[in-house]
1. Would you check if there is a residue in the range 314-322 being open to solvent by less than 30 Å² (accessible area, probe 1.4 Å) and touching a residue at least 12 places away in the same chain (Cβ under 8 Å)?
2. Cβ-Cβ under 6 Å, sequence separation 6+ or interchain: first residue in the range 402-417 and under 17 Å from TRP467 (Cα atoms), partner open to solvent by 20 Å² or more (accessible area, probe 1.4 Å) and part of a helix (DSSP H, G or I). Which pairs?
3. Could you list, in sequence order, the residues of the range 209-232 that are of a type in the set (Phe, Trp, Tyr) and either in contact with a Gly (Cβ under 8 Å, 6 or more places away or on another chain) or assigned to a helix (DSSP H, G or I) (or both)?
4. Can you tell me which residue is nearest to the chain's Cα centre (by Cα) among those in the range 427-456 that are closer than 21 Å to ARG471 by Cβ and open to solvent by 20 Å² or more (accessible area, probe 1.4 Å)?
5. Only one of these is small (Gly, Ala, Ser), touching a strand residue (DSSP E or B) at 6+ places or on another chain (Cβ under 6 Å) and touching a residue at least 40 places away in the same chain (Cβ under 8 Å): ALA260, ALA253. Name it.
6. Find the residue count for the range 352-374, including only residues that are part of a helix (DSSP H, G or I), of a type outside the set (Gly, Ala, Ser) and open to solvent by 10 Å² or more (accessible area, probe 1.4 Å).
7. Within the range 51-71, how many residues turn out to be exposed (fewer than 14 other Cβ atoms within 10 Å of the Cβ) and not in a helix (DSSP H, G or I)?
8. Starting from residues that are part of a loop (DSSP other than H, G, I, E, B) and over 26 Å from ILE179 (Cβ atoms), keep the ones in the range 1-38 and report whichever is modelled with the lowest pLDDT.
Amino acid sequence: MAGLQCHKLLWWMAHEPAAPELEIDESRQAVFDQGHRVGALARRYVPGGVLIDLPYHAYEPRLEATRRALAEGAPAVYEASFRADGVFVSADILERLGPEKPRGFCLTEVKSTTSVKEQHLPDVAVQAHVLRRSGLQIDRMEVMHLNRACAYPDLGNLFIRADVTGPVEARLAAVPGEIAAMTAMLAGPRPSVATGPHCSTPYECPFTARCWPEPPPHHVSTLYAMRRRALELDELGYRTIFDLPEDFPLKAAADRQRRAVQAGQMIVEPTLAPALARFAPPVAFLDFETVGLAIPVWDGCHPYDAVPVQFSAYAPDGDGALQPHAWLADGPGDPRPALAERLLAACEGTCAIVVYNARFEGDRIRELAAALPHLAARLEALAGRLVDLLPVVRNHVYHPDFGGSFSLKRVLPALVPELSYAGLAIAEGETASLELGRLLFHGDRMPPEERARLRADLLAYCHQDTWGLVRLLERLRGLAGGA
């Protein structure tokens, strides 16, 4: 699969297996672990099979165990292993089709996605090629993926078995040639492959830094919402934003970026002041952190629902002074009732609740309302009071240090430089979500000091986002006053 994306990627993986770029970080390991859990659960939906439960690199024992399971008439084999043309594969599920096709098998590839992706088809094709070359009659091919319509606790329809026989058959004729080309390539020197869209499609290449030179500051690839046109602009001679003429057609935010970069200073539009009129006191500030479980565990939840398990808020007290509020789930129980109660209490009496990307927080609050009917009216009213700082910044302000991004992680250090995420143990949302999952579902296995430290790190990260909103609104009001 790596070779189909790029021969040079496969060459490096084969010739430099200990390369630092191939080290598995916590984020990638979490994805692998999730895939393993989904794969293990999928076997229950095709019961009665034999699992080839041996180390992945125990090639000969795996092949022999598979031959034995098939010879003994196993109705299904999980992780069935085969080798042909120098290619070793382990099929997630190999299932006999039954009396109507006594020699036929169904090959099923299990994916933790919620749909069939284009890149899944060659994955199934190379497996089908190897199995057929090994003498098996493969009559049906499937991708078994998660079903977003499934809702806990009824997991009977957790998986969808999508028939991909037709599109995979259409790809099979090309597989022998691809294998031969890759085999020859690996036996020779490192191939020369030009950079292009394949560097990030279908997956981000770990060796990108080796092939792509460090771009100059303010390269055209940093233009807001113009990343796909970066190569085209570069080929036209526009290497950096400084090269773009004033009359070059750009949308408003990207053109504001061009003007700010070329002038070397922040641009504040006169429209900023009226845009801030919605942020009338008393104002609260809110940030959620969520977990998105592939296999739902709480009532009514679907695969990959973003469930809030932590929030941080600032809200005025009776004297108008902002006071911090924080809540973080503890253990694997459903966090939503307690979080919703604390959230409503924290934001009570405020006219506006400031967030950054109101769609995210708004959707989470409305989902809480649907899950908690006794609190639905109050939660819906709370969702209606959300006001969003993201479009205010994007539509009215640009600082050259934004680098073409309006994420809070880029905006905050540029506009409020004394606030930084650099010193935090957890500094971005993906890590926070992974660590929250670890705390909730594995915290009881941690030493007490590690668990306490992780909770403190998560609270500090969420607080930084919320306090950042407080300071960012202050800064924007100051800019509007001085515009």
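1. Checking the range 314-322: at least one residue is open to solvent by less than 30 Å² (accessible area, probe 1.4 Å) and touching a residue at least 12 places away in the same chain (Cβ under 8 Å).
2. Filtered contacts from the range 402-417: ALA414/ASP401; LEU415/ARG475; VAL416/ARG471; VAL416/ARG475.
3. TYR224
4. Restricting to residues being closer than 21 Å to ARG471 by Cβ and open to solvent by 20 Å² or more (accessible area, probe 1.4 Å), the top hit is GLY429.
5. None of the other options fit; the residue is ALA260.
6. Of the residues in the range 352-374, 8 are part of a helix (DSSP H, G or I), of a type outside the set (Gly, Ala, Ser) and open to solvent by 10 Å² or more (accessible area, probe 1.4 Å).
7. Qualifying residue count for the region: 5.
8. ASP25
The values are calculated or read from the model by the stated rules, or taken from the named source; none is laboratory data. All values derive from a computational prediction rather than experimental measurement. We place every Cβ from the backbone using ideal geometry, glycine too, and count neighbours over all the protein chains shown. Heads up: the accessible areas ignore ligands, DNA and RNA and are worked out on the full protein's heavy atoms, side chains in. Shrake-Rupley method; radii C 1.70, N 1.55, O 1.52, S 1.80 Å.
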